[in-house]
Amino acid sequence: KKEETKMKRILAAALSLALLGSLAACGGKDRFDAGKVEEGVCYQLTGIAPDAVAMRVDGIDVPMDMYFYNLCYAASYMESYMNMYGMDLDWSMELQEGETVLDVTKDSILENTKSFAVIEKLAQENNVILDEAALSELETERAETVESLGGEESYRAELAKLGLSEETYDRMCRSDYLYSALEELIAYAAKQGYMTADHILLLTRDMSTYQELDDETKAEKKALAEELKAKLDAYTGDDLIGYFTELADEYSEDSGRAGNPEGYTFGSGQMVEEFESAAAALGEGEVSEIVESYYGYHIILRKPLDEAKAVDAVRETYFSDLLASRI
């Protein structure tokens, strides 16, 4: 009973300002489908049907119960956050420059809600659908949840407490799988232009001060580079990559080699221009001439693309940036 009262107190404040005010500002329920369901916690607290269209994102309708769920989550999170720092929930308090607690919470609600629609839209654009394995996993997860809660009736009761219909909850669960499938697909598509290359670097700068070495030392480095290049040109074995790796392990002065013993997998603009251009001009298994850059002399070996590393590199930046920009 205490938790129920607490949630009503949180939602009453949040809904009266964040939700109803926002919907009124953009035309409210008169603008979209007003819905037909007149029951449940969402309807009781807001007077808005849970199946009403709360927002339309790039042609994708978002139901009111999904928005309501994200509002509950954001409001509860904000109260917990403020309590953690010894403060009571105060919607009017300035949390960061020019933004109140209410402003920040509303932004969070909108972003979280829009993300579901953006994922569905991206799935449509890229012809991504859930395969049989994903659908089977979803069914298994649902069955396990139902069993853990004590049956279908208890399962539906728990969803009702969250203000969610089964249809919306299933849609949210599917979104997680669509996200993973999109992330993989778009990462593989975006890895075009990535390459993998190893190199032997002989520094012509003191990397602690970035000052150029004296001419005599630079000449010695150039002579060593020429010697190593001659060895590679004279190699007649059947494992050039292995031989190159041996020389690189022994002679390369690249401090990043410890973390990249097989070379670097990179996209456009991620390496110094001279290195990238020389690597791009090579075929797989080819060794460059001596390349001079700001750092020193490079001998570069173009290797077969390490697709796993390329996809990981893209996944970490490209997809998350794409999703954020679309949201």
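The values are calculated or read from the model by the stated rules, or taken from the named source; none is laboratory data. Source: prediction; values computed, not measured. All Cβ positions, glycine included, derive from the backbone under ideal geometry; neighbour counts span all protein chains shown. Remember, those area values only see protein heavy atoms, side chains included, never the ligands or the DNA or RNA. Shrake-Rupley method; radii C 1.70, N 1.55, O 1.52, S 1.80 Å.
Observations on the structure shown:
- Here segment 271-327 is assigned +1 on the Cβ of each Lys and Arg and -1 on the Cβ of each Asp and Glu. Its dipole about the Cα centre then comes out at about 260 debye.
- Accessible surface computed residue by residue for the chain, with neighbouring protein chains in place and a 1.4 Å probe, gives 56 Å² per residue.
- Dipole axis of segment 80-207 (+1 Lys, Arg; -1 Asp, Glu on Cβ), positive-most option in Trp91, Ser154, Ala123: Ala123
- Once all protein chains are placed together, Cys173 keeps about 30 Å² accessible to a 1.4 angstrom probe.
- Dividing the summed helix terms, -39500 (n - 2.57) for each DSSP H run of n ≥ 4, by the number of residues in the chain produces a 222 nm estimate of -18000 deg cm²/dmol to the nearest 500.
- Sum of side-chain charges, Asp58 neighbourhood, beta-carbon under 13 Å (Lys, Arg +1; Asp, Glu -1): +1
- What a 1.4 Å probe finds exposed on the chain is 48% carbon and sulfur by accessible area, rounded to a whole percent.
- With at most 15 other Cβ atoms within 10 Å, longest stretch of the chain clear of loop chymotrypsin sites (Phe, Trp or Tyr not before Pro) (DSSP): 86-209
- Computed FRET value (nearest 0.05) for Leu149 with Thr317, which takes r as the C-beta separation and R₀ as 41 Å: 0.60
- Extension gain (nm, one decimal) between Arg56 and Ala134, 0.36 nm per residue minus Cα-Cα: 25.4 nm
- Three-way shape label, segment 192-327, alpha-carbon gyration tensor, a/c 1.5: oblate
- Net dipole in debye of the chain [+1 Lys, Arg Cβ; -1 Asp, Glu Cβ; about Cα centre; nearest 20]: 1560
- 16 Å Cα-Cα reach of Lys222 towards aspartates and glutamates, excluding residues that sit fewer than 8 places from it in its own chain: Asp206, Glu212, Asp214, Glu253, Asp254, Glu289, Glu292
- Estimated FRET transfer efficiency (Met172, Glu246; beta-carbon r; R0 51 Å; 0.05): 0.45
- Cβ-defined net charge surrounding Tyr297, 12 Å radius [Lys, Arg +1; Asp, Glu -1]: -3
- Flagged links, alpha-carbon separation over 32 Å, of Lys106/Lys309; Lys106/Lys161; Lys161/Lys309: Lys106/Lys309; Lys161/Lys309
- For the pair Ala258 and Thr236, a Förster radius of 25 Å applied to the C-beta separation gives a FRET efficiency near 0.25, rounded to the nearest 0.05.
- Overall form of segment 62-197 per C-alpha gyration tensor (a/c, 1.5; a/b vs b/c): oblate
- Net dipole in debye of segment 173-243 [+1 Lys, Arg Cβ; -1 Asp, Glu Cβ; about Cα centre; nearest 20]: 300
- This structure gives Cα Rg over 2.2 N^0.38 Å, computed directly, and of (i) 1.45; (ii) 1.09; (iii) 1.32 that value is listed as (i).
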